[in-house]
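First up is the structure itself, then whatever we jot down about it.
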Number of protein chains: 2
Amino acid sequence: MSPKITAHRAPGTRDFLPDEMALRERVRRVIEGTFQLYGFQPLETPATERLEILTGKYGEEADRLIFKILKRGEELSAAMASPESGKASGELADLGLRYDLTVPLARVIAMHRGELTYPFKRYQIQPVWRAERQQKGRYREFVQCDADIVGTSSVSADAEIIALTDDILQRLAIPGYRIHINHRMLLQGLVEYCGAPKDRFVDVAVAVDKLDKIGWDGVSEELMRKNIGSGIMDKIRTTIDHSYSTPQEFLDGLDADLQAQPSAKRGIEELNQIFKDLKACGISQSRLSLTLRLARGLDYYTGPIFETLIEEPKIGSITGGGRYDNLIGVFSGETIPATGTTIGIERIFDVMRELNLFGEVTAPSAQVLVAVFSEETRAESLKIAAELRRAGISAEVYLEPPKKLAKQFAYADKKRIPFVVIAGPDELSRGEVTVKRLSSGGQIHVSRDHLVEQIGKEIENGRPD
Amino acid sequence: MSPKITAHRAPGTRDFLPDEMALRERVRRVIEGTFQLYGFQPLETPATERLEILTGKYGEEADRLIFKILKRGEELSAAMASPESGKASGELADLGLRYDLTVPLARVIAMHRGELTYPFKRYQIQPVWRAERQQKGRYREFVQCDADIVGTSSVSADAEIIALTDDILQRLAIPGYRIHINHRMLLQGLVEYCGAPKDRFVDVAVAVDKLDKIGWDGVSEELMRKNIGSGIMDKIRTTIDHSYSTPQEFLDGLDADLQAQPSAKRGIEELNQIFKDLKACGISQSRLSLTLRLARGLDYYTGPIFETLIEEPKIGSITGGGRYDNLIGVFSGETIPATGTTIGIERIFDVMRELNLFGEVTAPSAQVLVAVFSEETRAESLKIAAELRRAGISAEVYLEPPKKLAKQFAYADKKRIPFVVIAGPDELSRGEVTVKRLSSGGQIHVSRDHLVEQIGKEIENGRPD
């Protein structure tokens, strides 16, 4: 064994102790349960992927954030002996840690194409790793939580993803959220309609996406620097800011030339269908918003896009997604349409904690501590615990050598175990045991034969609801 | 986007598609539920640990199996520029992937010492990574499933771990298993009693541990090579193989000199207490075995040790653990007693699959497919699905553009969705919908207003139990 080493975690990682685990499990269960209510099915993929699967999918900057795994054994020796090794770190690594859940999904689709039924509706809740610069609230290992529908171009799938998002946030009782919806093709049409060159779409989208942060002045400045003139700029601004009371009214009110532009036309039709579907699902209009400012950063979106913002706390989007018809097929060599969303479970934890939405969630603890009066009665205490567990009642036996009962009560108290059973020799000789309810301090004598039944009732009565 | 790349997984890793996920989830839920019945609480730690935390804990051979993560940015450049980099791969990596769940537990105890209540009973179910040579049934990423009790030397804790193990295997209905129990101090005492030098304990333990594989002849040969004479050898064999009907009888029947040897004495006392506890818990003697051959490979065990073997299939131990009083404190700089077990969940999956114990477990699928008759009735179909989900009934809406109903039935069939709701214009005009049960092909007409209630009943009736 090595000499004492100071215990530190890897930078940007966290341990989840029991109470924190209970909070996370609760949110996770709501999300997973809702995924299943919509017929989504679980998938898990390994943490490590071959580097060639991961790189070149997320852009250059993201590629630098992929954690790479050193080759092993002879391959490592060979790589280190090679004259290249001083230059290309890529030579030294063959695997990387999963950066998101979408590229692994694309790989799974390519490898298991024939085993799946389409549309394939899958959810995946697993950690991803990014070697980001350390800052508060940003982690290098965090859980992603994705639902995607693969294999249909139908805009009904996009609407379903939005309805699913809304349902999850309703079930989690997140206050004051709004799902913003836009369409990449309407944005594309808008850029062309305003007179900007077709290939400047991404520049405009990226600038407009920052609107909330930098305002129109900032956007103008950024586009000016990219040689997009103020005439174009004004037209974009007028279109985007034009006010409305319903999405339908907004779309109907768009300039006829814009409505006629082919990309825009398709975008408008699909948006209309989406809002119609969402209305049929009974989703309140107040929680939805058609937002032409929304562009979403990632290059790979091709159709409807959506993200959820909340007023408080200021934390960025808590869900985000859209249609990406060209990514899933990257390993299959064909086009496979897909749409989906990430539910930002880590941010949702933060929001719920900040807004005190968790109430009294604590780690699951046993419902009963069976005290041990003396070595002579230990066997009886073990027997009682076994009976309780067989009846589905969680129970601990005091494990340390028998001590004063006060010490055993203190242990139960610290562990938030609500009941203590005391089976001392006097009680046992009378065919009885004592059940103490720690919250009130009250205690009752119960026939040993009816103990399990009686505790079941006490637990039932003790429920807060 | 890069040109087409052949999709391969990282070697030794697996994808879990929905049906496989359902099997894994089922086993996991039983194990987790049983952990909680005994008052164990969940813990999760990050996948990555600093290399200095991981290395030097598992022995030299294991250290080579740790996946190491390449340094990043400037630190990598510096490491690669250094003249050392050609020699020491350790210079190039700063993190490693979790190799087991015990060292991370030790780190957590050191970092969160004051936040925990002792004895701290924690369970942890997370993947670990080992760069093992590839072979059938051996994976480089696999889930470990540990329960440990930290902070008490009481042998009651060891007994509880064994009782927990038995309870899990009972609940999973694993046939023909036996939990083998021994004590490192009894083994130590035995080695000394037989006349072998004290420091040869590990040699003897390692050889005896192979008994089932290589027989007494093999063990003799191996010990001979290590200069442990045949006189010693014979004495060991006689003691280990001496027959008995109960553990108590076996221990009582040991030679008086062995019983008086200090290490052996302590081991015998503790084993007696453990078997007494297990009897009190109601565990059938036929599932337990006192086995002096059991040594367990890992150096770090200090007290009782246990592992579970099954007759069929031949797969090695399916659980294994013991007391390890010197490991948890390695980062805390003090001795912290601990005992625990790994439930070999991956091997248990394999056993259950091999023995056909899973029955008809399939991925969770929706209970209802709401067909879409035409674009005009899509809104009503969406409304029906939303109502079903609000009532807790999982439902899909057919997402593709409306097609012949036969196609929609085929989709439901492939996805094992038992009911299809058809809300065509004729039916709707009569205030009705049709509910078709795919298994029988039978269908009923139901009032639109009572649809949710009616489907709830149909699902209830359709349950196999």
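The values are calculated or read from the model by the stated rules, or taken from the named source; none is laboratory data. None of the values given here were measured: they were computed from a predicted structure. Reconstructed Cβ throughout: ideal geometry from the backbone, glycine too, with neighbour counts over all protein chains shown.
See the values below:
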item	result
Test result for B:Leu382, crowded, with 24+ Cβ neighbours inside 10 Å, part of a strand (DSSP E or B) and facing another protein chain (nearest Cβ under 10 Å)	no
Filter pass, B:Glu400 being touching a Ser or Thr at 6+ places or on another chain (Cβ under 9 Å) and either surrounded by 13 or more Cβ atoms within 10 Å (Cβ to Cβ) or among the acidic types (Asp, Glu) (or both)	yes
In segment A:353-378, residue nearest to the chain's Cα centre (by Cα) [restricted to those that are modelled with pLDDT of 95 or more and more than 10 Å from every other protein chain (Cβ to nearest Cβ)]	A:Val370
Qualifying residue in segment B:288-304 (condition: acidic (Asp, Glu) and closer than 22 Å to B:His242 by Cα)	no
Some residue of segment A:240-248 being closer than 19 Å to A:Val155 by Cβ and surrounded by 15 or more Cβ atoms within 10 Å (Cβ to Cβ)	yes
Subset of segment B:97-127 [buried (at least 23 other Cβ atoms within 10 Å of the Cβ), farther than 14 Å from B:Ala338 by Cβ and over 17 Å from the mean Cα position of the chain (by Cα)]	B:Leu97
Hits in segment B:302-326 (condition: more than 25 Å from B:Gly267 (Cβ to Cβ) and in contact with a strand residue (DSSP E or B) (Cβ under 6 Å, 6 or more places away or on another chain))	B:Ile310
Search result, residues across segment A:58-76 that are crowded, with 18+ Cβ neighbours inside 10 Å and either within 7 Å of chain B (Cβ to nearest Cβ) or more than 17 Å from A:Asp148 (Cβ to Cβ) (or both)	A:Ile66, A:Phe67, A:Lys68, A:Ile69, A:Leu70, A:Lys71, A:Leu76
Residue match in segment A:147-157 (condition: modelled with pLDDT of 95 or more, farther than 30 Å from A:Ile274 by Cα and under 15 Å from the mean Cα position of the chain (by Cα))	no
Filtered residue count, segment B:276-325, keeping only those that are in a loop (DSSP other than H, G, I, E, B) and of a type outside the set (Lys, Arg)	24
Selection status of A:Leu92, modelled with pLDDT of 95 or more, touching a strand residue (DSSP E or B) at 6+ places or on another chain (Cβ under 8 Å) and buried (at least 22 other Cβ atoms within 10 Å of the Cβ)	no
Search result, residues across segment A:327-345 that are within 12 Å of chain B (Cβ to nearest Cβ), over 28 Å from A:Arg200 (Cβ atoms) and either touching a strand residue (DSSP E or B) at 6+ places or on another chain (Cβ under 8 Å) or of a type in the set (Ser, Thr, Tyr) (or both)	A:Ser332
Residues satisfying the stated conditions in segment A:1-50, i.e. in contact with a helix residue (DSSP H, G or I) (Cβ under 6 Å, 6 or more places away or on another chain), within 7 Å of chain B (Cβ to nearest Cβ) and assigned to a helix (DSSP H, G or I)	A:Leu37
Single residue of A:Tyr324, A:Tyr301 found to be out of contact with any Lys or Arg (no Cβ under 6 Å at 6 or more places or on another chain), crowded, with 16+ Cβ neighbours inside 10 Å and within 14 Å of chain B (Cβ to nearest Cβ)	A:Tyr324
Number of the exception - B:Trp216 against (1) closer than 22 Å to B:Phe306 by Cα; (2) in contact (Cβ under 8 Å) with a residue 24 or more places away in the chain; (3) surrounded by fewer than 16 Cβ atoms within 10 Å (Cβ to Cβ)	(2)
Residue list for segment B:402-429, filter: in contact with a helix residue (DSSP H, G or I) (Cβ under 9 Å, 6 or more places away or on another chain) and either farther than 30 Å from B:Pro18 by Cβ or among the acidic types (Asp, Glu) (or both)	B:Gly424, B:Pro425, B:Glu427, B:Leu428
Residues being at the interface with chain A (Cβ under 9 Å from one of its Cβ atoms), in a strand (DSSP E or B) and either aliphatic (A, V, I, L, M) or surrounded by fewer than 22 Cβ atoms within 10 Å (Cβ to Cβ) (or both) - total across segment B:128-154	2
Within segment A:249-277, considering residues that are among the aliphatic types (A, V, I, L, M) and surrounded by 13 or more Cβ atoms within 10 Å (Cβ to Cβ), the one farthest from A:Arg287 (Cα to Cα)	A:Leu258
Flag for B:Arg353 being surrounded by 20 or more Cβ atoms within 10 Å (Cβ to Cβ) and charged (D, E, K, R)	no
Single unsatisfied condition, A:Ile53 versus (1) within 8 Å of another protein chain (Cβ to nearest Cβ); (2) surrounded by fewer than 18 Cβ atoms within 10 Å (Cβ to Cβ); (3) of a type outside the set (Ser, Thr, Tyr); (4) touching a residue at least 24 places away in the same chain (Cβ under 8 Å)	(2)
Residue that is nearest to the other protein chains (Cβ to nearest Cβ), among those in segment A:117-127 that are within 19 Å of B:Ser365 (Cα to Cα) and touching a residue at least 24 places away in the same chain (Cβ under 8 Å)	A:Pro119
Breaking point among (1) surrounded by fewer than 19 Cβ atoms within 10 Å (Cβ to Cβ); (2) in a helix (DSSP H, G or I), for A:Arg389	(1)
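Listed here are the residues, each with its yes/no results for (1) free of Cβ contacts under 8 Å to residues at least 12 places away in the same chain; (2) more than 10 Å from every other protein chain (Cβ to nearest Cβ); (3) more than 39 Å from the chain's Cα centre (by Cα).
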position: B:Gly392; (1), (2), (3): yes, no, no
position: B:Glu396; (1), (2), (3): no, no, no
position: B:Lys404; (1), (2), (3): yes, yes, yes
position: B:Ala410; (1), (2), (3): yes, no, no
position: B:Val421; (1), (2), (3): no, yes, yes
position: B:Gly424; (1), (2), (3): no, yes, yes
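Okay, residues lined up against (1) under 27 Å from the mean Cα position of the chain (by Cα); (2) surrounded by fewer than 22 Cβ atoms within 10 Å (Cβ to Cβ); (3) at pLDDT below 90; (4) not in a helix (DSSP H, G or I):
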| site | (1), (2), (3), (4) |
| --- | --- |
| B:Ile174 | yes, yes, no, yes |
| B:Leu190 | no, no, no, no |
| B:Gly195 | no, yes, yes, yes |
| B:Val208 | yes, no, yes, no |
| B:Ser220 | no, yes, yes, no |
| B:Met224 | no, yes, yes, no |
| B:Ile228 | no, no, yes, yes |
| B:Gly231 | no, yes, yes, no |
